[in-house]
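Read the structure below first, then the notes.
The values are calculated or read from the model by the stated rules, or taken from the named source; none is laboratory data. Remember, predicted model here, so these are calculated numbers, not experimental data. Glycine also receives a Cβ, built like all others from the backbone with ideal geometry; neighbour counts cover every protein chain displayed. Accessible surface areas use protein heavy atoms only, side chains included; no ligands, DNA or RNA. Shrake-Rupley method; radii C 1.70, N 1.55, O 1.52, S 1.80 Å.
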Amino acid sequence: MAEKWKERAVIVRQDEIATNVYSIWFQTEKIAGAAKPGQFISIFGEEGSRLLPRPISICEINKEKGMVRVVYRVAGKGTEEFSHYHAGAALFIMGPLGNGYTLKEKRALLIGGGIGIPPLVELAKQLNCERQIVAGYRDEIFLADALSKYGTLTIATENGSIGIKGTVIDAIKEKGIEADIIYACGPTPMLRAVKEYAAEKGIEAQISVEERMACGIGACLACVCQSKETDSHTNVKNKRVCKDGPVFQAEEVEL
């Protein structure tokens with residue numbers, strides 16, 4: 001079993017990088033040393049009425065400085081609390097959690113949607129191959145500069161204000177992007193479209209599934225998704241997103 005740690009980590013810096021989208025760098029040598037692209041950390045708030053941590057994907061890893069970066073959108077009271085902390089504050093975090101992407105030296109297409117975009121930064125950084133990156137936004141973009149350092153970036157927006165108007169699949173088809181493997185992270189409708197596209201093209205797709213989580217370590221079964229195969233833990237056709245995922249082979253799960 002992969003090692004994980006719970007520790008009080010100091011915030012090195014926090015910035016609002018788009019409206020209600022924040023970036024935090026945590027000083028956390030052990031987690032940074034073990035983390036892989038596609039994994040996540042759980043962040044615990046200081047407000048006593050909220051007992052459960054918030055799972056947030058790892059955006060970047062700096063092993064030399066012992067730091068990890070997360071990028072999150074304020075979506076409720078927990079993430080709103082996090083947004084008020086500044087450099088020097090400390091929060092309990094646990095990680096690295098979950099199974100990340102399996103990196104392969106094939107022509108890669110990285111697809112992200114909304115707050116599923118941040119994990120692609122470290123993934124793109126670590127891949128040793130040709131990288132095409134397609135990022136889908138509602139309107140306001142973020143992390144585009146970071147992504148463009150590590151691959152050819154194509155942007156799609158719902159309203160067409162930036163890049164190609166439409167979905168990530170629309171952008172892929174319009175640009176004629178080809179690849180031998182897909183890595184994706186984003187909302188379920190996007191992942192469903194990616195799965196169908198990969199099956200149509202006959203190429204491998206690894207998808208990071210978004211589900212609400214509670215414990216983050218596979219004990220509570222709050223974040224199961226439907227799978228093709230029977231799970232040995234529950235004896236039903238479910239997978240625990242936090243423990244078995246969040247990254248799955250696309251054909252493993254029903255979306």
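Go ahead and run the numbers for FRET between Cys129 and Thr19, Cβ-Cβ distance against an R0 of 30 Å, rounding to 0.05. So the FRET efficiency works out to roughly 0.30.
Trp25: net charge of surrounding residues, Cβ under 10 Å, Lys/Arg +1, Asp/Glu -1, itself excluded?
Numbers: positive: Arg13, Lys65, Arg69; negative: Asp15, Glu60.
Once all neighbours under 10 Å are counted, the net charge is +1.
Loop sites here are GluC sites (Glu not before Pro) outside DSSP states H, G, I, E and B with no more than 15 other Cβ atoms within 10 Å. The longest part of the chain free of them is 179-228.
Classify the chain from the C-alpha gyration tensor, please: rounded if a/c falls under 1.5, else prolate or oblate depending on whether a/b exceeds b/c. Judged from the Cα gyration tensor, the chain comes out oblate (a/c at least 1.5, b/c at or above a/b).
Each residue of the stretch 165-181 is assigned a 3J(HN,Hα), and the resulting list reads 7, x, 8, 4, 5, 4, 5, 4, 5, 5, 7, x, 6, 10, 7, 9, 8 Hz, derived from the Karplus form 6.51 cos²θ - 1.76 cosθ + 1.60 (θ = phi - 60°), x at Gly and Pro. Over the chain, accessible surface divided per residue gives 47 Å², non-protein components excluded, 1.4 Å probe.
Our estimate of slack between Ala90 and Lys104, defined as 0.36 nm per intervening residue step minus the Cα-Cα distance, is 1.4 nm.
Annotation: the antiparallel percentage among DSSP beta bridges lying fully within the chain is about 60.
Dividing the mean sequence gap of close Cα pairs (under 8 Å, 6+ apart) by how many residues the stretch 155-194 holds gives a relative contact order of 25 percent. Placing unit charges on the Cβ atoms of the charged side chains and taking the dipole of the stretch 1-148 about its Cα centre, the candidate lying farthest along the positive direction among Ile93, Gly33, Gly66 is Gly33. Take the alpha carbon gyration tensor of the stretch 121-189, find the square roots of its eigenvalues, order them as a ≥ b ≥ c, and report rounded if a/c is under 1.5; if not, report prolate when a/b exceeds b/c, else oblate. Note, shape of the stretch 121-189 comes out prolate. Only Lys, Arg, Asp and Glu carry charge here, each on its Cβ (+1 for the first two, -1 for the last two); on that basis the chain has a dipole of about 360 debye about its Cα centre. For the stretch 1-77, the carbon plus sulfur part of the accessible surface works out to 49%, probe radius 1.4 Å.
Each of the trypsin sites (Lys or Arg not before Pro) that DSSP puts in a loop and that has at most 16 other Cβ atoms within 10 Å breaks the chain; the longest unbroken stretch is 150-211. Close amide H partners of Ile164, meaning residues 5 or more places away or on another chain with modelled amide H under 5 Å apart, are Ile155, Ala156, Thr157. With the simple model of a label 7 Å out from the Cα in the direction of the Cβ, Ala144 to Lys175 spans 1.2 nm. This model, with +1 at the C-beta of Lys and Arg and -1 at the C-beta of Asp and Glu, gives the stretch 1-88 a dipole about its Cα centre of some 240 debye.
Under a 5 Å amide H cut-off, with hydrogens placed 1.01 Å from N, Val134 pairs with Leu110, Ile111, Gly112, Thr154 among residues at least 5 apart or on other chains.
Given only helices, namely DSSP H runs of n ≥ 4 each adding -39500 (n - 2.57), what is the per-residue ellipticity at 222 nm of the chain, to the nearest 500 deg cm²/dmol? Kindly include the intermediate steps, with their values, before the conclusion.
Numbers: 6 runs with 48 residues, N = 255.
Roughly -5000 deg cm²/dmol at 222 nm, from the helical runs in the chain.
The shape of the stretch 13-65 comes out oblate: with a ≥ b ≥ c from the C-alpha gyration tensor, a/c is at least 1.5 while a/b does not beat b/c.
With a 1.4 Å probe rolled over the protein heavy atoms of all chains, the accessible area of Asp170, Asp244, Asp145 falls in the order Asp145, Asp170, Asp244, largest first. Under a model in which nothing but the beta-carbon of Lys, Arg (+1) and Asp, Glu (-1) is charged, the stretch 98-173 shows a dipole of about 280 debye around its Cα centre.
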